[in-house]
């Protein structure tokens, strides 16, 4: 029968088991993942099973890395995520966290959009490092994603996005509005809803402070249009944006994008 | 009557979207306005007159991200 071991097709006997495979193909490996789930006991294998054998602490070759990273997903989920094409508008507390979450799970194409550079006050919530200060956010985030998952096709746009130039993103599946400024949020949402009606749109409103985590929700506004946030907690003097709550909102948005990519596209 | 964000309010003749936004203390450049499931362009907020039984959704954004 045919099985896949570290994504390579292998012909094995019937009644072949996971431990037999380990002993033949990677004797001293210590993590076995069968069809997306780590196993701690031997298991018999079926036709088309996918078994991943990982030796902890050993850096795999570039060719092997992608299959090992994807071992946590079933093949169908991996394929759908890899086909995904998402634009993230604004790379602050929301956008930088969204980009990293989507890169970690292997969303194939990310368009990163921002006009600004990294500054020290960003580090309380945004996914940059001290050595990134002074770089364009697009360049810094692209580099940070490459260190996490080098198989993501990242396009960067150093631009101030507005309703006049939104057609730059006409080929993506999902547009994520992750701006700070409420007028920019409204402008882009109106523009997408009126002129790019085939797109999924995920927007944000209200995630400042350290209020109740559970006040942040994912709300469906209309067909293909969602807003995440608590809808009231505005960033203002004396009430700033902080990593924990901004990341909660960011990952509401990233999780919704994941669901759309897997189930609706 | 008209329905705004799920709640019935009294219908008044010659009410524009701008009037409605003022009534709810919302800024016109921070909202998405949907009437009977259609998105209304900001350029039309001054001229669009509400009709009896319109269903209006006013979606407003606060800053932060």
Margin query: Taking the conditions exactly as written (under 17 Å from residue A:187 (Cβ atoms), surrounded by fewer than 18 Cβ atoms within 10 Å (Cβ to Cβ), within 14 Å of chain A (Cβ to nearest Cβ) and in contact (Cβ under 8 Å) with a residue 12 or more places away in the chain), does residue B:43 satisfy them or not?
Written below: no
Notebook entry, point to check: Looking at (1) under 23 Å from the mean Cα position of the chain (by Cα); (2) more than 13 Å from chain B (Cβ to nearest Cβ); (3) without any contact (Cβ under 8 Å) to a residue 24 or more places away in the chain, which is the only condition residue A:212 fails?
Noted result: (1)
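Which of the residues spanning region B:7-40 are in a helix (DSSP H, G or I), touching a residue at least 12 places away in the same chain (Cβ under 8 Å), surrounded by fewer than 18 Cβ atoms within 10 Å (Cβ to Cβ) and away from chain A (no Cβ under 11 Å)?
From region B:7-40, those in a helix (DSSP H, G or I) are B:17-23, B:28-30; that's our starting set.
Pick out the ones that are also touching a residue at least 12 places away in the same chain (Cβ under 8 Å) and you get B:17-18, B:20-21, B:28-30.
Filter once more, keeping what is surrounded by fewer than 18 Cβ atoms within 10 Å (Cβ to Cβ): B:18, B:28-29.
The one that is in a helix (DSSP H, G or I), touching a residue at least 12 places away in the same chain (Cβ under 8 Å), surrounded by fewer than 18 Cβ atoms within 10 Å (Cβ to Cβ) and away from chain A (no Cβ under 11 Å): B:18.
For residue A:236, state whether it is surrounded by fewer than 19 Cβ atoms within 10 Å (Cβ to Cβ) and either facing chain B (nearest Cβ under 10 Å) or on the phi < 0 side of the Ramachandran plot (or both). It would help to see each step written out before you state the result.
Numbers: surrounded by fewer than 19 Cβ atoms within 10 Å (Cβ to Cβ): yes; either facing chain B (nearest Cβ under 10 Å) or on the phi < 0 side of the Ramachandran plot (or both): yes.
Spelling it out, residue A:236 is indeed surrounded by fewer than 19 Cβ atoms within 10 Å (Cβ to Cβ) and either facing chain B (nearest Cβ under 10 Å) or on the phi < 0 side of the Ramachandran plot (or both).
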Next item on the list: Could you tell me which residue of region B:46-65 is farthest from the other protein chains (Cβ to nearest Cβ), considering only residues that are assigned to a loop (DSSP other than H, G, I, E, B) and crowded, with 18+ Cβ neighbours inside 10 Å?
Entry: B:50
Next item on the list: From (1) within 14 Å of chain B (Cβ to nearest Cβ); (2) closer than 22 Å to residue A:247 by Cα; (3) buried (at least 21 other Cβ atoms within 10 Å of the Cβ); (4) out of contact with any helix residue (DSSP H, G or I) (no Cβ under 6 Å at 6 or more places or on another chain), pick out the condition that doesn't hold for residue A:161.
Entry: (2)
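Name the strands (runs of 3 or more DSSP E) wholly inside region A:19-104 in which the number of residues that are more than 14 Å from chain B (Cβ to nearest Cβ), surrounded by 15 or more Cβ atoms within 10 Å (Cβ to Cβ) and modelled with pLDDT of 95 or more is 2 or more.
Values: elements: A:31-34, A:37-39, A:50-54, A:85-89.
Correct list: A:85-89.
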Check: Of all residues in region A:175-209, which are part of a loop (DSSP other than H, G, I, E, B), at the interface with another protein chain (Cβ under 7 Å from one of its Cβ atoms) and within 19 Å of the chain's Cα centre (by Cα)?
Finding: A:178, A:179
Note to self: Residue pairs, Cβ under 7 Å, 6 or more apart or interchain, first in region A:235-248 and part of a strand (DSSP E or B), second surrounded by 15 or more Cβ atoms within 10 Å (Cβ to Cβ). List them.
What the structure shows: A:239/A:208; A:239/A:209
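The values are calculated or read from the model by the stated rules, or taken from the named source; none is laboratory data. Given the structure is predicted, the values throughout are model-derived calculations rather than measurements. For neighbour counting, all protein chains shown are included, and Cβ atoms are generated from backbone atoms with ideal geometry for every residue, glycine included.
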